[in-house]
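K.L.:
Sending over a structure as structure tokens; questions will come in a sec.
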Amino acid sequence: MTNPVPSATSRSKRVPTAQVVSRFVWAALSSRHNPLLAQMVVTRRCNLSCGYCNEYDEYSQAISVTRLGAQIAALKRLRTAVVTCTGGEPLLHPQIADVIGEIRRHDMIATMITNGYRLNRERIARLNESGLLEMQISIDNLQPDDSSMKSLSSVEKKLALLAEFAQFKVNINSVLGISEERTEEVLVVAERARQYGFHHSVGILHDGNGALKPLSDRQFRVYRELMNTYGSFLHRLNHCLFQRNLVAGKSNNWKCRAGARYLYICEDGMVHWCSQRRGYPGIPLLEYTRDDISREFDTRKRCSANCTLSCVHQISAFDEWRRPQSRPDPLSSS
Ligand code: SF4
Ligand code: SF4
């Protein structure tokens with residue numbers, strides 16, 4: 001028997017979706033050099049240690065609010081639309097609600113990615129007050145194992161709290177391809193997300209270069225079932241943009257706008273293409289200019305054919321119609 005779940009409709013404040021969408025679309029259309037999404041690491045430290053992850057350590061300190069504030073001001077100067085706090089685990093940052101509030105004070109949309117372990121009623125209340133628009137919680141299986149500790153059993157009570165008290169949107173994202181024998185567990189996670197009134201999306205496991213690890217037949221079947229039964233707007237968008245080809249063993253021909261429309265800001269405050277192509281351009285965000293954006297906008301990425309990074313695919317779709325990128329990948333000969 002499944003546990004009764006509180007209804008998500010008990011949330012009192014609703015996000016003004018039309019305003020968010022119109023602001024985002026305006027940022028996309030008014031200049032091709034406006035960054036649409038910046039993912040900003042607020043601490044590299046994580047409270048978990050998932051076997052497939054290369055984005056955390058066990059010792060880094062939280063980045064000071066003063067430094068993050070300067071980075072947020074720089075993102076505003078570049079006319080960024082959305083800032084996502086990421087890590088490591090952002091909820092390990094003792095002032096994460098203040099960081100979100102600072103993003104909102106600069107009139108940018110604020111979201112975050114978390115494993116959810118540190119959520120409690122007080123933190124949810126602070127995040128409500130901060131103006132957070134959306135929280136993405138990663139849940140890959142039912143019980144933690146060496147590959148992924150992001151498990152439904154570990155955060156089930158947190159989901160109930162969110163359903164009752166959160167005034168921001170919640171999306172549950174599950175990564176497929178981590179484990180063969182536990183593949184079907186993602187279906188249970190998706191069903192639970194639906195019961196709570198949350199959205200559910202699916203990521204595909206990537207290797208250390210952001211590229212696809214091929215799905216097995218069993219994983220492919222579950223991917224199809226997720227799509228047909230639970231497919232949220234985001235899942236369907238990802239399917240159309242790139243997952244459809246990748247899960248069928250085909251590559252994609254697209255123009256990755258990392259370093260331009262999408263920025264990844266590491267714990268040292270440097271701009272990188274993405275979490276899986278760290279090291280380039282490697283320019284401090286505080287010194288990043290529209291000229292840098294223009295250059296990276298026109299730069300081809302050698303890793304694009306099999307890339308699984310859904311947020312970069314989504315953001316890049318706005319400019320897919322433009323002329324081919326003329327500048328070769330500066331690292332293609334290395
Ligand atoms: S919770 Fe996220 S950041 Fe932490 S180890 Fe797992 S995948 Fe990496
Ligand atoms: S194609 Fe773009 S987003 Fe994907 S791994 Fe390469 S640089 Fe990163």
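Each value in this text was obtained by applying a stated rule to the coordinates, not by laboratory testing. Being a predicted model, the structure only gives us computed values, none of them experimental. No Cβ is skipped: glycine too gets one built from the backbone with ideal geometry, and neighbour counts run over all protein chains shown.
K.L.:
Using a cut-off of 9 Å between beta-carbons, work out the net charge of the residues near residue 43 (Lys and Arg +1, Asp and Glu -1, residue 43 not included).
P.N.:
Residues near residue 43 contribute 0 overall.
K.L.:
Work through the residues other than residue 116 whose Cβ is under 9 Å from its Cβ and net out their charges, Lys, Arg +1 and Asp, Glu -1.
P.N.:
Values: positive: 118, 150, 158; negative: none.
Counting the neighbours of residue 116, the net charge comes to +3.
K.L.:
Please list, by residue number, every one of the chymotrypsin sites (Phe, Trp or Tyr not before Pro) in the stretch 13-115 that is coil in DSSP and has at most 11 other beta-carbon atoms within 10 Å. Numbers along the way, then the final one.
P.N.:
Details: sites: 24, 26, 52, 56, 59; in loops: 52, 56, 59.
Within the stretch 13-115, the qualifying chymotrypsin sites (Phe, Trp or Tyr not before Pro) (loop, at most 11 other Cβ atoms within 10 Å) are 59.
K.L.:
Hey, can you grab everything whose amide H is under 5 Å from the amide H of residue 60? Only 5+ residues off in sequence or another chain; H modelled, so Pro and N-termini drop out.
P.N.:
45
K.L.:
While we're looking at this one, here's another question. Can you name the helices of the chain, as whole DSSP H runs, whose Cα span along the helix axis is 24 Å or more and whose Kyte-Doolittle mean is not below -0.5? Present the calculation step by step, with values, prior to reporting the outcome.
P.N.:
Values: long enough: none.
Correct list, ordered by number: empty.
K.L.:
If amide H atoms are built 1.01 Å from N in the plane of the peptide, which residues on other chains or at least 5 residues away come under 5 Å of the amide H of residue 170?
P.N.:
135, 199
K.L.:
Also, I was wondering about something else. Given all pairs of different Cα atoms, what value in angstroms does the Kirkwood hydrodynamic radius of the chain take?
P.N.:
Computed over the chain, the radius equals 20.2 Å.
K.L.:
Something else: Give me the net charge of residue 88's neighbourhood, meaning all other residues with Cβ under 9 Å from the Cβ of residue 88; Lys, Arg count +1, Asp, Glu -1. Let's see the in-between values first.
P.N.:
Working: positive: 44, 45; negative: 55, 57, 89, 267.
Result for the local shell: -2.
K.L.:
Tell me, what is a quarter of the convex hull surface for the C-alpha atoms of the stretch 37-102, in nm² with one decimal?
P.N.:
4.5
K.L.:
As a test of the formula, what do you get for the chain when each DSSP H run with n ≥ 4 contributes -39,500 (n - 2.57) and the sum is divided by the residue count, at 222 nm and rounded to the nearest 500 deg cm²/dmol? Provide the component values of the computation, followed by the final result.
P.N.:
On the way: 11 runs with 112 residues, N = 334.
Counting only the DSSP helices, I get -10000 deg cm²/dmol.
K.L.:
Given the convex hull of the Cα atoms of the stretch 154-279, what is a quarter of its surface area in nm²? Don't skip to the end; give the middle numbers.
P.N.:
On the way: hull surface 37.9 nm².
Over every viewing direction, the Cα hull of the stretch 154-279 projects on average to 9.5 nm².
K.L.:
Here's another thing I want to ask about it. Provide the packing ranking of 135-143, 318-326, i.e. peptides ordered by the mean count of other C-beta atoms within 10 Å per residue, highest first.
P.N.:
135-143, 318-326
K.L.:
Identify all aspartates and glutamates with a Cα-Cα distance to residue 255 below 19 Å; exclude those on the same chain that are fewer than 8 residues away in sequence.
P.N.:
Output for residue 255: 291, 292, 296, 298, 319, 320, 329.
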